[in-house]
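Values quoted throughout were computed directly from the atomic coordinates according to the rules given, and no laboratory measurement underlies them. Because the structure is a prediction, the values reported are computed rather than measured. Don't worry about glycine lacking a Cβ; one is built from the backbone with ideal geometry, like all the others, and counts go over all protein chains shown.
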There are 2 protein chains.
Amino acid sequence: MASLPRSGIQGTTMRDLKWSPTEKAVARKAFDRALQRELEAIIREAKQMAAKIKQPSHLWELEGYLTQRRKEIDRKYDYRYSVLPLVFGSLVREGRLSEEELHGLAEDKLGYIRWQATL
Amino acid sequence: MASLPRSGIQGTTMRDLKWSPTEKAVARKAFDRALQRELEAIIREAKQMAAKIKQPSHLWELEGYLTQRRKEIDRKYDYRYSVLPLVFGSLVREGRLSEEELHGLAEDKLGYIRWQATL
């Protein structure tokens with residue numbers, strides 16, 4: 001089992017992390033970029049699925065796909081600073097963000113992000 | 001308020017109607033044809049909506065449209081003989097079936113169908 005990162009101040013929890021204005025700007029940009037990419041991928045997939053619809057069951061497959069993706073997006077993209085390092089870690093793990101795009105965040109956040117990314 | 005049809009045997013309810021094998025064949029064909037038409041219209045509409053998707057909100061509009069239509073179809077296409085004249089009446093009212101396509105049904109059923117069609 002992966003252990004929690006110790007790169008920040010000992011005893012500091014994720015909830016206690018302080019975000020500088022610069023870090024907030026970096027975070028907002030990375031977050032929006034990942035969300036935008038994921039939504040664009042869903043749009044592409046939905047258009048392809050729709051174009052291939054030949055029978056009624058394909059309609060309901062498209063509906064189910066959209067419902068599932070909407071719920072995933074709602075769950076995954078949570079911008080509260082108290083959970084943001086885990087959100088970024090998951091996005092890095094899924095290949096939706098590169099660590100370079102998080103350049104500018106301090107090591108206390110990056111520790112949590114890397115930890116989550118390797119889970 | 002429209003009054004219930006009196007074209008059948010006085011006092012007979014819709015639930016008591018007897019369906020001959022020929023009538024059942026006519027009913028099945030008309031029912032399947034209307035359902036097929038309606039599903040094809042949904043497929044056309046879904047393809048058009050998907051082709052026009054430009055932003056994420058359009059995805060969820062498509063999802064909502066599909067969910068709504070699926071529920072409508074489930075509710076509307078009820079093949080129990082005890083309700084079938086009302087189903088056909090609604091389909092005639094919506095222009096999804098013509099009375100000619102119900103040719104072969106006896107007047108006791110057509111009475112209910114016409115009654116429902118004019119509601």
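Brief remarks on what is shown
- Close amide H contacts of B:Leu97 (hydrogens built in the peptide plane, cut-off under 5 Å, sequence separation of 5 or more or a different chain): B:Val92.
- For the protein assembly as shown, the calculated P(r) over all alpha carbon pairs, in 10 Å bins from 0 to the bin holding the longest distance, is 7, 23, 18, 15, 13, 9, 9, 6, 1 percent.
- Contour excess over end-to-end distance, with Cα ends at A:Gln55 and A:Arg15 and 0.36 nm allotted per residue: 9.4 nm
- Which listed pairs, of A:Lys71/B:Lys54; B:Lys24/B:Lys47; A:Lys47/A:Lys76; B:Lys29/B:Lys109, have C-alpha distances above 25 Å, in listed order: B:Lys24/B:Lys47
- Nearest-first distances (nm) between copies at A:Tyr81, label 7 Å from Cα via Cβ: 7.2
- Distances in nm from B:His103 to the matching label points in the other copies, shortest first (labels 7 Å along Cα to Cβ): 7.7
- Full-extension gain in nm, A:Ala106 to A:Glu45, via 0.36 nm per residue minus C-alpha separation: 18.4 nm
- One residue of chain B places its C-beta nearer than any other to the axis carrying B onto A; that residue and its whole-Å distance are B:Ala50, 2.
- Residue-averaged [θ]222 nm for chain B, counting only DSSP H segments that reach four residues, each worth -39500 (n - 2.57): -21000 deg cm²/dmol
- Distances between copies of B:Arg44, taken at a point 7 Å out from Cα along the Cα→Cβ vector and listed shortest first: 3.1 nm.
- Tail weight of P(r) past 26 Å, computed on alpha-carbon pairs of chain A, percent: 32 percent
- Taking a ≥ b ≥ c as the square roots of the eigenvalues of the alpha carbon gyration tensor, segment B:38-83 is oblate, as a/c is not under 1.5 and a/b does not beat b/c.
- Peptide A:39-46 is shielded by partner chain Cβ atoms: per residue, an average of 3 of them sit within 10 Å of its Cβ.
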